[in-house]
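**Student:** My questions all concern the structure below.
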Amino acid sequence: MCTVCGCGAGEVKIEGGRSHRHDHAHDHEHDHHHHDHSHGPAHDHHDYGKGPAHAHAPGLSQARMIEIETDILAKNNEYAAANRAELARRGVLALNLVSSPGSGKTTLLVRTIEMMREEVPVAVIEGDQRTANDAERIRATGAPAIQVNTGKGCHLDGHMVGHALEGLKIRDGVLFIENVGNLVCPAGFDLGEAHKVVILSVTEGEDKPLKYPDMFHASDLMLLTKTDLLPHLDFDVERCMENARRINPKIRILRVSARTGEGMEDWLAWIRISREMNRIGRK
Amino acid sequence: MHEMSICESIVSVIEQQAVAQSFSRVKRVRLEIGPLAGVELEALRFSYDVVTKGGIAEGSALEVIEMPVTAWCMPCAKPVTVRERYDPCPDCGSYQVQITGGDELRIRDMEVD
């Protein structure tokens, strides 16, 4: 069983156009893990030979205390690093979109893709606990999308994204990773993305950044969505932005509405600049 | 819910170490966890018991060393201790405070047979 995502439990499904199950896991360059689904958590499928888990001091057996000093998420971080290398090799900017359920991520993505498709290749990895509905909505725009169902899991991890990436041919483009709707767990799991983008809709509370500080701290950009609804709400935009900046003074904030198009040009400009920044120094 | 996958990662590290350092039983595991690591300790303990069942760490004690949140106050130009990310400097009240530690999520050591 995969100790990062639990995929060996048969709960994780990765699907989409050229999708695959784990039997395809070995045909890429960085053959970094070995799947064996025949038993429970008692096996290892990651070569830690060069990894931090070997950073112990051999022969330190006094009192049978073993010093480990290992980051618990080290394994996920290795998968994320492999994804980052692969994305760099392909010249792809990856954005990890995080939010609560129902913030309008998919609607925003559909609109974004419609506006961007002519200028740059776009692909999407969709994370949801169940169903392929979101991937179908993306595919309706003509962009390739792969749905990852996390089953019991509450977040995407580096390992799932690595597999999904194998099924996407995108090069020199933008990959949107729509994470599972959850403002808690995805904050801790690096997927190899260039930036986390947190999406908050104005139908939520302006104190969400304070309630879920980890996610706002981990994100570089905040999109305040559904701004077309503001006239009908008591939502205090200034207060919300102030709260976000209290958690993360460096965060950039854009107000957008996929419905009216407000702020969409700024969002696209941010993506273009991020692509440039991501490319500089890579070649 | 991600405490479950964190526990699975812990068990995976233990099993790596069991092979590398030749032991067959784990009696105690000590973790270093900061308040900003996004881990709920009660959920972690519950998951640990579930995930270690049937393995070499079954029945082992899980000890958590809670790390402090450390920060650097820019106006004061000195290290300070805060409780949350959005806390002001306890001395000068400024929000120009950079968090420098408190998101640790590590296995420090373990006692084995």
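The values are calculated or read from the model by the stated rules, or taken from the named source; none is laboratory data. Note that the coordinates shown come from a computational prediction; the quantities given were computed from them, not determined experimentally. Note: ideal-geometry Cβ built from the backbone for every residue, glycine included; neighbour counts use all protein chains shown. Each accessible area value is taken on the protein alone, full model and side chains, heavy atoms only, with ligands, DNA and RNA left out. Shrake-Rupley method; radii C 1.70, N 1.55, O 1.52, S 1.80 Å.
**Student:** Provide a single number: the residues in segment A:107-124 that are open to solvent by 10 Å² or more (accessible area, probe 1.4 Å) and hydroxyl-bearing (Ser, Thr, Tyr).
**Tutor:** The qualifying residues number 1.
**Student:** What do you reckon, is residue A:239 free of Cβ contacts under 8 Å to residues at least 60 places away in the same chain, within 14 Å of another protein chain (Cβ to nearest Cβ), touching a Phe, Trp or Tyr at 6+ places or on another chain (Cβ under 6 Å) and open to solvent by 20 Å² or more (accessible area, probe 1.4 Å)?
**Tutor:** No.
**Student:** Restricting to segment A:242-253, count the residues that are open to solvent by less than 80 Å² (accessible area, probe 1.4 Å) and closer than 17 Å to residue A:196 by Cα. Give the steps one after another, and end with the answer.
**Tutor:** Filtering segment A:242-253 down to residues open to solvent by less than 80 Å² (accessible area, probe 1.4 Å) leaves A:243-244, A:246-248, A:251, A:253.
Imposing the further condition that a residue be closer than 17 Å to residue A:196 by Cα reduces the set to A:244, A:247-248, A:251, A:253.
The qualifying residues number 5.
**Student:** Something else: Consider segment B:12-29. How many of its residues are in contact (Cβ under 8 Å) with a residue 24 or more places away in the chain, in contact with a Ser or Thr (Cβ under 7 Å, 6 or more places away or on another chain) and either facing chain A (nearest Cβ under 7 Å) or not aliphatic (A, V, I, L, M) (or both)?
**Tutor:** 3
**Student:** Do you know which of the residues in segment A:108-134 that are farther than 16 Å from residue A:186 by Cα and part of a strand (DSSP E or B) is farthest from the chain's Cα centre (by Cα)?
**Tutor:** If we filter segment A:108-134 for residues that are farther than 16 Å from residue A:186 by Cα, which is where we start, we get A:108-124, A:130-134.
Keeping just the survivors that are part of a strand (DSSP E or B) gives A:122-124.
Working: A:122: 15, A:123: 13, A:124: 10 Å.
Checking each candidate, the answer is A:122.
**Student:** A further question on this structure: Out of segment A:83-106, which residues are crowded, with 23+ Cβ neighbours inside 10 Å, part of a helix (DSSP H, G or I) and at pLDDT 95 or above?
**Tutor:** A:83
**Student:** OK, next. Just checking, which of B:71, B:77 is more than 16 Å from the chain's Cα centre (by Cα), of a type outside the set (Asp, Glu) and surrounded by 19 or more Cβ atoms within 10 Å (Cβ to Cβ)? Spell out the reasoning first.
**Tutor:** On the way: B:77 fails: surrounded by 19 or more Cβ atoms within 10 Å (Cβ to Cβ).
Answer to the selection: B:71.
**Student:** Out of all the residues in segment A:62-82, is one or more over 16 Å from the mean Cα position of the chain (by Cα), within 14 Å of chain B (Cβ to nearest Cβ), aliphatic (A, V, I, L, M) and open to solvent by 60 Å² or more (accessible area, probe 1.4 Å)?
**Tutor:** Scanning segment A:62-82 turns up at least one residue that is over 16 Å from the mean Cα position of the chain (by Cα), within 14 Å of chain B (Cβ to nearest Cβ), aliphatic (A, V, I, L, M) and open to solvent by 60 Å² or more (accessible area, probe 1.4 Å).
**Student:** Kindly list the number of the only condition in (1) within 20 Å of residue A:274 (Cβ to Cβ); (2) touching a strand residue (DSSP E or B) at 6+ places or on another chain (Cβ under 9 Å); (3) open to solvent by 20 Å² or more (accessible area, probe 1.4 Å) that fails for residue A:130.
**Tutor:** Exception for residue A:130: condition (1).
**Student:** Looking for whichever is loosely packed, with under 15 Cβ neighbours inside 10 Å and within 8 Å of chain A (Cβ to nearest Cβ) here; the options are B:59, B:54, B:38, B:93. Which one fits? Spell out how you get there, then give the answer.
**Tutor:** On the way: B:59 fails: within 8 Å of chain A (Cβ to nearest Cβ); B:38 fails: loosely packed, with under 15 Cβ neighbours inside 10 Å; B:93 fails: within 8 Å of chain A (Cβ to nearest Cβ).
Exactly one of B:59, B:54, B:38, B:93 is loosely packed, with under 15 Cβ neighbours inside 10 Å and within 8 Å of chain A (Cβ to nearest Cβ), namely B:54.
**Student:** Quick one: in segment A:254-283, which of the residues that are farther than 15 Å from residue A:196 by Cα and either basic (Lys, Arg) or in contact with a His (Cβ under 8 Å, 6 or more places away or on another chain) (or both) is most open to solvent (accessible area, probe 1.4 Å)?
**Tutor:** Here the residue is A:283.
**Student:** Moving on. Counting only residues that are under 13 Å from residue B:108 (Cα atoms) and not hydrophobic (A, V, I, L, M, F, W, C), which one in segment B:18-33 is surrounded by the fewest Cβ atoms within 10 Å (Cβ to Cβ)?
**Tutor:** Of segment B:18-33, the ones under 13 Å from residue B:108 (Cα atoms) are B:28-33.
Now narrow it down to the ones that are not hydrophobic (A, V, I, L, M, F, W, C): B:28, B:30, B:32.
Working: B:28: 14, B:30: 18, B:32: 18.
The residue in question is B:28.
**Student:** Taking the stated definitions as given, is residue A:97 within 13 Å of the chain's Cα centre (by Cα) and hydrophobic (A, V, I, L, M, F, W, C)?
**Tutor:** For residue A:97, the condition - within 13 Å of the chain's Cα centre (by Cα) and hydrophobic (A, V, I, L, M, F, W, C) - is met.
**Student:** Assuming residue B:76 fulfils every condition listed in (1) touching a strand residue (DSSP E or B) at 6+ places or on another chain (Cβ under 6 Å); (2) not in a strand (DSSP E or B) apart from one, which condition is it?
**Tutor:** Answer for residue B:76: the failing condition is (1).
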